[in-house]
Structure formats: structure tokens, C-alpha cells
1. Could you name every one of the helices (runs of 4 or more DSSP H) located completely within the stretch 90-148 that has at least 2 residues being of a type in the set (F, W, Y) and surrounded by 20 or more Cβ atoms within 10 Å (Cβ to Cβ)?
2. So which of T164, T211 ends up being among the hydroxyl-bearing types (S, T, Y) and either more than 30 Å from V109 (Cα to Cα) or surrounded by 14 or more Cβ atoms within 10 Å (Cβ to Cβ) (or both)?
3. Name the residue that is surrounded by the most Cβ atoms within 10 Å (Cβ to Cβ), counting only residues in the stretch 167-183 that are in contact with a Pro (Cβ under 7 Å, 6 or more places away or on another chain) and not assigned by TED's automatic domain parsing to the domain that holds Q23.
4. Across the stretch 214-240, what is the number of residues that are outside any helix (DSSP H, G or I), under 22 Å from R262 (Cα atoms) and either of a type in the set (D, E, K, R) or in contact with a helix residue (DSSP H, G or I) (Cβ under 8 Å, 6 or more places away or on another chain) (or both)?
5. Give the residue, chosen from R123, R80, R50, that is charged (D, E, K, R) and touching a residue at least 40 places away in the same chain (Cβ under 8 Å).
6. Could you please find all residues in the stretch 56-109 being among the aliphatic types (A, V, I, L, M) and under 16 Å from S128 (Cα atoms)?
7. Being among the hydrophobic types (A, V, I, L, M, F, W, C) and farther than 21 Å from H5 by Cα narrows it down to one residue among F56, F62, F68, F91; which is it?
Amino acid sequence: MQTVHTIAELRAQVMAWKRAGEQVAFVPTMGNLHRGHIHLVECARELAPRTVASIFVNPMQFGPSEDFAAYPRTLDADSRQLEAAGLNLLFAPGVTEVYPRPLEQMTQVTVPELPTVLCGASRPTHFSGVTTVVSKLFNMVQPDIAVFGEKDWQQLVIIRRMATDLDMPVAIVGVPTVREPDGLALSSRNGYLSAEERAIAPTLYATLRATAERLRAGERDFAALEAEAKAQLASAGFRPDYFEIRRPADLQRPNLEDAELRIFAAAWLGRARLIDNWPVG
């Protein structure tokens, strides 16, 4: 595995592959990797002969009171995992390589409407930071395919919309969430959980599954189901941010006749903000 830190080095290698007629699949990450990230790389390897991953803790997607400074930087350990997974090229730029000017002076990419709900309601600047850095990374890497996890479903929908609206020549592939045996979605922030909190954490997944079963059985009082689920999470020790039933393609509130639904949840448990989602129908 080759590791590069500059856009020039990255482009030189990717262009060499493309001149040889080889497609490139890309996995953007912020590092602090777990099995879910490695699974994305494994899926990328099945989709294209050459694979690139990035590790960049993106300051633009963190709010002023969020954990940018504390976010773990584990490049050496991450590199070993990626090499073992068969990655071809790791791009690990510094902040000034990606943002050569202060953040407030950089052009930003913003998708309308989709970022204002769910996670965006309590993190109003988050998704403009995500779409800006992903659009920059797409321009840097020039991938044929980009692979994202479905745990961040809202992010996946927003990036698909961005790529479509801006005519980006990249296929966006979503990969199902990797979970612990008890159902907890893998996340870099799970490391913030104490032993007691870790024992409680799978309640989020269980509540999603139980609500989905009730919807499949025909219940359609969405507001009552959401309120009951939030109360259950609060009684288990969570501080719920949201628990909402929405349409998966456009994240809008469903009509009673909508058959394809998805349930989205975010809740604080100690220092960790956990997010998850589950399909219905």
C-alpha cells in the first residue's frame, strides 16, 4: 500500500491507473477505523481493480461545541488495517492541503432542504461541511465509484443528490451497516461509551426494530410511535435527539399510503451521540 499526503502525488498515481484503463473505487473516512470501515474497503475492492481511501478529520463538518480537537487521530493503526485489507492507495492530507485558506474564506457546497432535517436540525452547519469536503475529495481522487456506509443514511442521500445535481461522474454505492452481535451499529464514537453505557447502547437498535415491526403490522400513527420510542429510550438512559419515520429516498415525512419507509434515530448516551436507522417495507 502506498501512502501520499499531497494532491499532486495522489493525482499522479490515479492518472497512471486510469491511463492503464483501470477503474478506481474510493472510500472517504476520518480515520479511527473500525470493522465497518474495513468492510467498505473490502466492498470497494470487489467493485474496481484499484482502491483509494482517505483519512482526513474534516474541521468544516464540526460545530463549535463538537469534538474536533478530541477526535482520535490514529493514522499508524489505521494504515496497518488498510494495508491488511488490500487497499492500494491511502491519501492522508493535512488541513492546509485541503483548505489552503481559512474555512470561512473557502467556497462551500450546500445541498438544499435535505440537510435541514434529522441530524441537520441540531447540527445546522454539519452537512455543508460534509458536502464541501466530499466534493473536493471527488475532484482530487476522480473516482469512478465511491463507497459509503448506510449507517449515515442521511449523508448518503445528500451525497447522492449532490453528485446528481452537479453531474459528477461517480457512482455512489451504499453498503449495509456493520453491527456488533447485539445489534449496536459500529461507530468510531462507540469508544466514548463506558462499560455500563455499552450495555445499554443496543437498546437503540432494538427500539428501531420493534417500531419497524409495528409499522409492518399496519400501525400508521407515526407521531404516537415516535413519541413512544423516544420515551422508551429516555427511560433506558438515553437523551434522545430525534426518532423519526421518513421516506428513505427524499427524507420527507411519509403519507399514510407510503409503503417504503425508514426509521431514523439519534440519541446521546453519556459522551457518545449514537445514530442508527432501519428499513420498513
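1. Because the criterion is at least 2 residues that are of a type in the set (F, W, Y) and surrounded by 20 or more Cβ atoms within 10 Å (Cβ to Cβ), the helices (runs of 4 or more DSSP H) in the stretch 90-148 that meet it are 126-141.
2. T211
3. Restricting to residues being in contact with a Pro (Cβ under 7 Å, 6 or more places away or on another chain) and not assigned by TED's automatic domain parsing to the domain that holds Q23, the top hit is G183.
4. Qualifying residue count for the region: 6.
5. None of the others qualify; the one that does is R123.
6. Once the filter is applied, which keeps residues that are among the aliphatic types (A, V, I, L, M) and under 16 Å from S128 (Cα atoms), the stretch 56-109 yields V57, M60, V98, L103, M106, V109.
7. Within the list F56, F62, F68, F91, the selection yields F62.
Yes or no, residue by residue, for (1) surrounded by 13 or more Cβ atoms within 10 Å (Cβ to Cβ); (2) on the phi > 0 side of the Ramachandran plot; (3) modelled with pLDDT of 95 or more; (4) among the acidic types (D, E):
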| site | (1), (2), (3), (4) |
| --- | --- |
| A8 | no, no, yes, no |
| A12 | no, no, yes, no |
| M15 | no, no, yes, no |
| G31 | yes, yes, yes, no |
| A53 | yes, no, yes, no |
| D67 | yes, no, no, yes |
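The values are calculated or read from the model by the stated rules, or taken from the named source; none is laboratory data. Please read these numbers as outputs of a predicted model, since none were measured by experiment. In this analysis, Cβ positions are derived from the backbone assuming ideal geometry, glycine residues included, and neighbour counts consider all displayed protein chains.
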